[in-house]
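The values are calculated or read from the model by the stated rules, or taken from the named source; none is laboratory data. This is a predicted model, so every value here is computed, not measured. With ideal geometry, Cβ positions are generated from the backbone for all residues, glycine too; neighbour counts draw on all protein chains shown.
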Amino acid sequence: MTNQKVAAEPNDLARFFIERANAGDVDGLVALYEPTAVLAFPPGSLATGHAEIRKVYEQFVAAAPVLEPGLQHPALVSGDLALTSSTLTNGDITVEIARRQPDGSWLWAVDQPAAGR
């Protein structure tokens with residue numbers, strides 16, 4: 001696993017995602033997810049678990065996208081769960097469920113990066 005900062009707050013995950021994607025850091029992207037997380041990307045596809053999520057991001061970073069942060073909305077936190085969302089610069093909306101880990105950090109459990117407009 002990559003030696004990266006961990007998310008102290010749920011919304012740290014989206015910021016780390018932009019930084020790591022722009023750096024082409026596949027390991028860093030996978031590290032944002034729980035081991036059994038579900039990623040709905042590309043649209044219409046589901047990737048479950050680190051191995052499948054890694055394959056998605058290997059293809060994603062191979063295209064060398066340059067991501068810009070959109071409008072990150074305040075996280076809605078209930079106990080150890082948080083709903084996070086952002087409106088991307090193209091108008092798409094991301095929706096994620098993050099879970100507080102035993103060490104107090106946060107990881108995504110469910111990620112829907114292109115939920116629609």
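Scanning the range 39-66 for residues that are touching a residue at least 40 places away in the same chain (Cβ under 8 Å) and touching an Asp or Glu at 6+ places or on another chain (Cβ under 9 Å) gives Leu39, Ala40, Phe41, Val61. Could you check, for the range 81-92, whether at least one of its residues is at positive phi and either among the aromatic types (Phe, Trp, Tyr) or surrounded by fewer than 16 Cβ atoms within 10 Å (Cβ to Cβ) (or both)? Within the range 81-92 (the criterion being at positive phi and either among the aromatic types (Phe, Trp, Tyr) or surrounded by fewer than 16 Cβ atoms within 10 Å (Cβ to Cβ) (or both)), the answer is yes, since at least one residue qualifies. Scoring Asp111 on the criteria (1) more than 14 Å from the chain's Cα centre (by Cα); (2) part of a strand (DSSP E or B) leaves a single failure, condition (1). Looking across the range 1-33, the residues that are of a type in the set (A, V, I, L, M, F, W, C), crowded, with 20+ Cβ neighbours inside 10 Å and touching a residue at least 60 places away in the same chain (Cβ under 8 Å) come down to Ala7, Leu13, Ala14, Leu32. No other residue among Val56, Val38 is surrounded by 16 or more Cβ atoms within 10 Å (Cβ to Cβ) and closer than 21 Å to Val6 by Cβ apart from Val38.
Take the conditions (1) surrounded by 18 or more Cβ atoms within 10 Å (Cβ to Cβ); (2) at pLDDT 95 or above; (3) closer than 21 Å to Ala115 by Cβ; Thr48 misses just one of them, which is (1).
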